[in-house]
Amino acid sequence: MGRIEDRLEELGFPLPEVVPPVAAYIPAVITGNLVYTAGQLPMVQGKLAEIGKVPTHVSPERAKELAQIAALNALAAVKYAIGDLDRVTRVVKVTGFIASTADFTGLPVINNGASEFLGLVFGDAGVHARTTVGVASLPLDAPVEVELIVEFK
Amino acid sequence: MGRIEDRLEELGFPLPEVVPPVAAYIPAVITGNLVYTAGQLPMVQGKLAEIGKVPTHVSPERAKELAQIAALNALAAVKYAIGDLDRVTRVVKVTGFIASTADFTGLPVINNGASEFLGLVFGDAGVHARTTVGVASLPLDAPVEVELIVEFK
Amino acid sequence: MGRIEDRLEELGFPLPEVVPPVAAYIPAVITGNLVYTAGQLPMVQGKLAEIGKVPTHVSPERAKELAQIAALNALAAVKYAIGDLDRVTRVVKVTGFIASTADFTGLPVINNGASEFLGLVFGDAGVHARTTVGVASLPLDAPVEVELIVEFK
């Protein structure tokens, strides 16, 4: 097990198995020295940890945890593509979609669940550009979906 | 006509002319060995094949067909950029936006209209990472919008 | 000051300071010869120029101006990453998210505020691929959010 997987263990979030795509695609694709992950849902052992919209069904606090879980699944997808998370040289971009009501605008805090986690895991290499958007609906009624673009060597 | 365009004919979906952008941009841009397409709508001969939200105005089954049409238009945009679809070495990423009500969560099946089609056309090179999102509204009241990142040689 | 910053002055839109991220990330990241910006809001001197949805709270005409402001902030983010906007060789991709009601579909005109502006600033190098999406909600109740992928030398 590599340095980054050790770090995940240490943080209390051992790397899960990659989540099988819910449809006709794969978890991540390499082009050049970039990995593009599929949008990742907050799956835990094959099931969504929560369903519904923020904040009606899922509190912002819980949604932030879910963004972290989705980011952890995105790391499993990165490992699927490049074999070893120690090869990651930079998290380039994080996009977080949050299933929210139109009047909920506290979206950045939720996506911080992903951003802060990636900073803890990768240090300076985990600091990224980011887009956060509140959307009408996500696959399987997931409250959050996170995708990554990661640079590796 | 190249191998991939022959394959499209064979599948019953001859490559259409590229759809003129509905505003101040172009259908696709090359950087390095990647093509980024603009978001593509399900246009057929210059008109949207359907308008409205899923599932209120457009059934999920029909929306899946529309995602395929949008993906076909995205291939026309790729050809616009690189001249010949036989140069495609990998479909890297598919992002599908679906104009849907907040309570509709059967989004992945719709985006499979794009994913399965790209698999049929390109075989292994068509297998991609993917993000699917349900959104409030799309340009011109389109039910779906699909964008691609494609690697070429 | 470089040629592009001169051009911005001339157009009446001097380059602002980069907008500090509203959360745990940075304004832009370089990978290879690409810059990925974070999603940019229509901030003016540290405050959102408008809040609310289009067209309920913010007219489409005003939202188009906001898209231009967000694009200008995105250029400040690009400068943050590469130091000098004269190094930009191509605006590759513009993605514009617009906080809109489900029945508002005049989205492309709004995103033209970003697209036309980038064309004025960079000429041929400013012509890009683009995706426009209407979403339920944006950070801090912003009406628009614009992100760029830019190629540089």
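Report, by residue number, each residue of segment A:56-67 that is surrounded by fewer than 24 Cβ atoms within 10 Å (Cβ to Cβ) and closer than 18 Å to A:ALA114 by Cα.
A:SER59, A:PRO60, A:GLU61, A:ARG62, A:LYS64, A:GLU65
Does segment B:6-17 contain at least one residue that is within 14 Å of chain C (Cβ to nearest Cβ) and either within 13 Å of the chain's Cα centre (by Cα) or not in a helix (DSSP H, G or I) (or both)?
The answer is no, given that none of the residues of segment B:6-17 is within 14 Å of chain C (Cβ to nearest Cβ) and either within 13 Å of the chain's Cα centre (by Cα) or not in a helix (DSSP H, G or I) (or both).
Looking at A:ALA142, A:ALA129, A:ALA102, can you tell me which residue is closer than 30 Å to A:ARG3 by Cβ and of a type in the set (Gly, Ala, Ser)?
Checking each option against the conditions leaves just A:ALA129.
Could you tell me whether any residue of segment A:141-150 is in contact with a Lys or Arg (Cβ under 7 Å, 6 or more places away or on another chain) and farther than 16 Å from A:GLY39 by Cβ?
No, the conditions are met nowhere in segment A:141-150.
Among the residues of segment B:131-153, what is the count of those that are charged (D, E, K, R) and within 12 Å of the chain's Cα centre (by Cα)?
Final tally of qualifying residues: 2.
Within segment B:68-87, take every residue that is surrounded by 24 or more Cβ atoms within 10 Å (Cβ to Cβ) and β-branched (Val, Ile, Thr) and give me the one that is farthest from B:VAL29 (Cα to Cα).
Here the answer is B:ILE69.
Looking only at residues that are of a type in the set (A, V, I, L, M) and within 14 Å of chain A (Cβ to nearest Cβ) in segment C:115-144, which one is surrounded by the fewest Cβ atoms within 10 Å (Cβ to Cβ)?
So the residue we want is C:LEU140.
Could you figure out which of (1) aromatic (Phe, Trp, Tyr); (2) within 14 Å of chain C (Cβ to nearest Cβ); (3) under 16 Å from the mean Cα position of the chain (by Cα) isn't true of B:PHE104?
(3)
Taking C:ASN112 as meeting all but one of (1) buried (at least 20 other Cβ atoms within 10 Å of the Cβ); (2) more than 12 Å from the chain's Cα centre (by Cα); (3) away from chain A (no Cβ under 14 Å); (4) not hydrophobic (A, V, I, L, M, F, W, C), write down the number of the exception.
(2)
Is there any pair with a first residue in segment B:67-95 that is within 14 Å of another protein chain (Cβ to nearest Cβ) and a second that is of a type in the set (Ser, Thr, Tyr) whose Cβ atoms are under 6 Å apart and which are 6 or more apart or on different chains, and what are they?
Short answer, once both residue conditions are applied: B:ALA74/B:THR37; B:ALA77/B:THR37; B:VAL92/A:THR31; B:VAL92/A:TYR36; B:LYS93/A:TYR36; B:THR95/B:THR131.
Kindly list the number of the only condition in (1) away from every other protein chain (no Cβ under 14 Å); (2) more than 16 Å from the chain's Cα centre (by Cα); (3) not charged (D, E, K, R) that fails for C:ALA49.
(2)
Which of the residues that make up segment B:19-50 are part of a loop (DSSP other than H, G, I, E, B) and surrounded by fewer than 21 Cβ atoms within 10 Å (Cβ to Cβ)?
B:PRO20, B:PRO21, B:VAL22, B:ALA23, B:ILE26, B:GLY32, B:ASN33, B:GLN45, B:GLY46, B:ALA49, B:GLU50
Okay, residues lined up against (1) β-branched (Val, Ile, Thr); (2) touching a residue at least 24 places away in the same chain (Cβ under 8 Å); (3) in contact with an Asp or Glu (Cβ under 8 Å, 6 or more places away or on another chain):
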site: B:THR105; (1), (2), (3): yes, yes, yes
site: B:VAL109; (1), (2), (3): yes, yes, no
site: B:THR131; (1), (2), (3): yes, yes, yes
site: B:GLY134; (1), (2), (3): no, yes, no
site: B:VAL144; (1), (2), (3): yes, yes, no
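FYI, it's all coordinate maths here, none of it is from the lab. Computed from a predicted structure; not experimentally measured. With ideal geometry, Cβ positions are generated from the backbone for all residues, glycine too; neighbour counts draw on all protein chains shown.
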